[in-house]
1. Please count how many residues of region 170-185 are surrounded by 14 or more Cβ atoms within 10 Å (Cβ to Cβ) and either among the basic types (Lys, Arg) or modelled with pLDDT under 85 (or both).
2. Can you pull out the residues in region 67-105 that are in a strand (DSSP E or B) and over 31 Å from the mean Cα position of the chain (by Cα)?
3. Consider only pairs whose beta carbons are under 9 Å apart and that are at least six residues apart or on different chains; among these, list those whose first residue lies in region 280-294 and is closer than 16 Å to Met214 by Cβ and whose second residue is aliphatic (A, V, I, L, M) and at pLDDT below 85.
4. What's the number of the only condition in (1) touching a residue at least 60 places away in the same chain (Cβ under 8 Å); (2) outside the structural domain of Asp23 (by TED's automatic domain parsing); (3) surrounded by 19 or more Cβ atoms within 10 Å (Cβ to Cβ) that Leu133 fails to meet?
5. Which condition breaks for Gln42 when tested against (1) touching a Pro at 6+ places or on another chain (Cβ under 6 Å); (2) over 28 Å from Ala361 (Cβ atoms); (3) surrounded by fewer than 19 Cβ atoms within 10 Å (Cβ to Cβ)?
6. What number of residues within region 495-534 are within 18 Å of Leu479 (Cβ to Cβ), of a type outside the set (Asp, Glu) and either at pLDDT 75 or above or part of a helix (DSSP H, G or I) (or both)?
7. Identify all residues within region 392-438 that are in a loop (DSSP other than H, G, I, E, B) and at pLDDT below 80; write none if there are none.
8. Testing Lys446 on (1) buried (at least 20 other Cβ atoms within 10 Å of the Cβ); (2) in contact with a strand residue (DSSP E or B) (Cβ under 6 Å, 6 or more places away or on another chain), one condition comes back false. Which one is that?
Amino acid sequence: MSSNKLYNFVHTVVFKNDNQSVDKATLFQQTHLNGTPYYLLQLSKKSNAFPDGLTLIEHHISIYKEPVSTVDKKSEYHYTAIFKDKQKKTYRLHVYFDQFNEMVTPPHLDLDTGNQQYESIKTDELDVDWFALSHKMSDSVITQLRKEQNQQCTLLKNKIEPLEKKTTQLSTDLTKNKKLYLNTLSQQIELGIQLDAINSKEDKQKEIEFLQQMHQKVSSEITVAYKKTKKSKNEPSSSVSSVPAIIMGDSNEKKTSTSLKKQKAASKNTKDKLTQLHQEFMQEMKRSADALLTIETIGNESEKGVLIRNIYKQIEGLQLTTPPSLPNDSIQALNKMQQRITTIARKHIHYLLSKNKWDEALALSSLFSVALDDAIFNQALRQLNPVLIDFLLENGNYDLDRFKPKINKKDYSSIMEFLFQCDLKSSNVVRCFDVLLTYKMSLLRKNSDGIPCLFRLIEDAEQLIDATHPMVQALIKNLKKSPKNICGLRGVIEYFKTQNNNFTHDIKLHARMMTATIKLYSLFMNLNIEMDLSAEMNFAESIDILVQADTLMKQSNALETQASTSVSDTDSVTDQFTTTSTSATGSLPEQFTTASASDTDSVTTCSPEKTGQVPLNFQRGDIYGGFGIFKLSEYSIESTQDEVPEKTLMRKNNK
């Protein structure tokens, strides 16, 4: 295996599974001139962030199996760009990044002197922030690659966890369970090796070595002793001899006596070894208990973190190697030690995160599985702390679509329900919203009243395409990033049309849902026009959209008229949605007002032949996974004095 864990992941998971692209980059397997294998992610020239006067020729990301230079020893990948200036001079840029996506050395800039020869020049000869440029050009691809890497690590950890529990249970009686224990421990070691090879955030090598030593120790000290005992029991005795006793005489008696002595000696040897194991175990357990008592006396947070990590590993190792016939009180004491160190580790990591000590917290990443719990995530939501939420989602294991926050003793059905009861124009709320969408939190989740969360934003926007609402701006900005997102918007429209039928019993709400659907149609058409995507839609599809929008408009107007003249209001909507519905008239682009009034239920999607995208096959069951149209990796809001201080996590910029 390579020492470059990102290379190992790409090689064993991405490339082996015939994945030929990551995000918008094409993956190639290459060999350096010195024979070193590496993977090259060819980036698209369309995502060009080079300033005026510089023309991008080609750029890519390289991930080497082994370092080919001194700087490569510190990095997992590097960004390369070839470009020209106005004088037609050709330059080559190299920017090296580590496992946290941090720049490990200043950018390297070379001037092409011809014949594939390059001369190093100062980076300030050209007035460009090379780090910011390289990060922007490679960020989406690296973010996707890291996400897949983290998912594979989580998959392996989930396989290892039940094996750890099983070995702990089996270790209570190794004489009886030795074979199954060793087999289970072997599986745990094998998966641990696979995890360590691709896990850029954690170094599992010492843990693996410890498990291998325990495997060897248990196998040699217990299994060998057991075999000796078994061998001594199978030695021949006088009772099974075919030779007459009168011929064997004293010789037979001597053999019998020798056999019994060997059996007793082997049994005593086994007992002595188990006693020795038990004594060594208790001594190690006492050392861990003594160390546990000293944690609270340490004032230096870094030293305390190192001690917590070491004690946690020691106690975890003790649980994996519990000797046979360990008294119950000792087992209970060990379990209490495990509970105590877990509580201390969780409390310490929560403290570090509350003080924005990201690097020190990352040093304890091996304890994240017990520390990054629901309590700290609820705290991040309660504080509306986007940086902490980003850290937790990057390093923890949270299911955003099923997480039910409990904030200030109040339960919420989803994260979005909590967020949408906050001040939606607060910059902190918007930044939290941004982070959650980056991790693909679906806006189509319903609140406790059965209304999609997205409805609140759409209704707040007087004119959706020209909306000034920060959250609406964020959504629109994201939609504009790709034609694929515009196609995804069609699925959202179809979902809203379906939801309209669920509120026919409430005239006012039904009318408002229809108005929201019209606004989405309007947004869809306006974005197609603004982004010059008319060619992506055939004529029949455009007419179909206009016809459906016109029909919905008339239905909505009729329902609003009926609602305004209705005497009964027993089915009023909840206080959360008491704003007056905006009239649909005027919210459509000019093309809508001239469309045919004929009704149709046909639904088509953006043409796959034109866009190169897979046609959207919308189903109601898809809503909880989102449509992939709300990922806002670059959207930001200018900070104000009362918001959480602006900070990018250490994996992006810890300078």
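The values are calculated or read from the model by the stated rules, or taken from the named source; none is laboratory data. The structure presented is a predicted model; accordingly, all values stated were derived computationally and were not measured. FYI the Cβ positions are ideal-geometry reconstructions off the backbone, even for glycines, and counts take in every protein chain you see.
1. Counting residues in region 170-185 that are surrounded by 14 or more Cβ atoms within 10 Å (Cβ to Cβ) and either among the basic types (Lys, Arg) or modelled with pLDDT under 85 (or both) gives 8.
2. Answer for region 67-105, where residues must be in a strand (DSSP E or B) and over 31 Å from the mean Cα position of the chain (by Cα): Ile82, Phe83, Lys84, Thr90, Tyr91, Arg92.
3. Taking only residues 6 or more apart or on different chains, the pairs are Phe281/Leu318; Phe281/Leu326; Glu284/Leu318; Met285/Leu318; Ser288/Leu318.
4. (2)
5. Against the list (1) touching a Pro at 6+ places or on another chain (Cβ under 6 Å); (2) over 28 Å from Ala361 (Cβ atoms); (3) surrounded by fewer than 19 Cβ atoms within 10 Å (Cβ to Cβ), Gln42 comes up short only on (1).
6. 17
7. Residues satisfying the conditions are Asp401, Leu424, Lys425.
8. Result: Lys446 passes all but (1).
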